[in-house]
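Contents: one structure, followed by commentary.
The values are calculated or read from the model by the stated rules, or taken from the named source; none is laboratory data. Worth saying up front: this structure is predicted, and the values here are computed from it rather than measured. Note: ideal-geometry Cβ built from the backbone for every residue, glycine included; neighbour counts use all protein chains shown.
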Amino acid sequence: MTASDLGAEGWHRPWSGGNGGNCVEARKLPDGRVALRQSADPHGPALIYTRGEIAAFIRGAKAGQADFLLS
C-alpha cells in the first residue's frame, strides 16, 4: 500500500531530529494497526503493523534488543 492511499492527515514524527529531514513517520489507523512511512517519500510505500507487532517492537527496543543496530 502506498502512504498516500492513507491520506495526509494524522502522521507524526516521533523519531525525528538531527538526520537532515529523513524521518520515520507513524500513523495509527482506525482499526488499531500502525502505518510507518519515510517522510522524504510521503507517496512511497507504507509498512502496516498490527498493534501487537508494534507493541513487541517497542518493548524489545526498550529492553535493548535493538542496541546492536547502534554499534
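Observations on the structure shown:
- Which numbered condition Thr2 fails, given (1) of a type in the set (Ser, Thr, Tyr); (2) touching a residue at least 40 places away in the same chain (Cβ under 8 Å); (3) in contact with a Ser or Thr (Cβ under 9 Å, 6 or more places away or on another chain): (3)
- Restricting attention to the stretch 42-71, the residues that are among the hydrophobic types (A, V, I, L, M, F, W, C), surrounded by 12 or more Cβ atoms within 10 Å (Cβ to Cβ), over 14 Å from Thr2 (Cβ atoms) and touching a helix residue (DSSP H, G or I) at 6+ places or on another chain (Cβ under 9 Å) add up to 1.
- Residues of the stretch 28-57 satisfying the condition of being touching a residue at least 24 places away in the same chain (Cβ under 8 Å) and among the small types (Gly, Ala, Ser): Ala35, Ser39, Gly44, Ala46
- Only residues that are assigned to a strand (DSSP E or B) and either modelled with pLDDT under 95 or crowded, with 16+ Cβ neighbours inside 10 Å (or both) were counted across the stretch 16-41, and they come to 9.
- Filter result (over 11 Å from Arg37 (Cα atoms) and either touching an Asp or Glu at 6+ places or on another chain (Cβ under 7 Å) or surrounded by 13 or more Cβ atoms within 10 Å (Cβ to Cβ) (or both)) within the stretch 1-15: Gly10
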